[in-house]
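The values are calculated or read from the model by the stated rules, or taken from the named source; none is laboratory data. The structure displayed is predicted, hence computed values, not measured ones. Here the Cβ is made from the backbone with ideal geometry for all residues, glycine too, and neighbour counts use every protein chain on show.
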Amino acid sequence: MKNFKIIRLMALSAGLVSCAVVFSGCGAKKVNLNDYIEIKYEGYDTVGVASYTIDFESMVDENEEAFDIKGGATEEELQEIESDFENVISGSFSKNEELSNGENISYKWDISMKEKLK
């Protein structure tokens, strides 16, 4: 199995540069989504796969003002924010399957927000 160090570095840097996207709601504090996404790579040369997860709990905890929360979010509030988030914010890789070592990929956010998430 070949290591994906090179592809991981190239893809992450390309993704973060091309996705320097922040969202805000009606003038609220801006949140850099790239700070809360984790991109993972599995497989080996020519059959690698990229996936991602978003750390909603840290995003909300570190940006309470943006979500109109004071003193920490309850589990119910976190679930509500995550559900709202998934309805207005998504994204995709330029390519996430059949990845080769050294291949350059990016992740692009798609944001269709018109108001604050909470």
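Look at the range 56-78: where a residue is in contact (Cβ under 8 Å) with a residue 24 or more places away in the chain and at positive phi and a partner is surrounded by 11 or more Cβ atoms within 10 Å (Cβ to Cβ) and part of a loop (DSSP other than H, G, I, E, B), sitting 6+ places away or on another chain with Cβ atoms under 7 Å, you get ASP68/LYS116; ASP68/LYS118. Residues that are modelled with pLDDT of 85 or more, in a strand (DSSP E or B) and aromatic (Phe, Trp, Tyr) within the range 20-49 comprise just one, TYR41. Quick check: is even one residue across the range 80-95 more than 16 Å from ASN32 (Cβ to Cβ), touching a helix residue (DSSP H, G or I) at 6+ places or on another chain (Cβ under 9 Å) and either of a type in the set (A, V, I, L, M) or modelled with pLDDT under 90 (or both)? Scanning the range 80-95 turns up at least one residue that is more than 16 Å from ASN32 (Cβ to Cβ), touching a helix residue (DSSP H, G or I) at 6+ places or on another chain (Cβ under 9 Å) and either of a type in the set (A, V, I, L, M) or modelled with pLDDT under 90 (or both).
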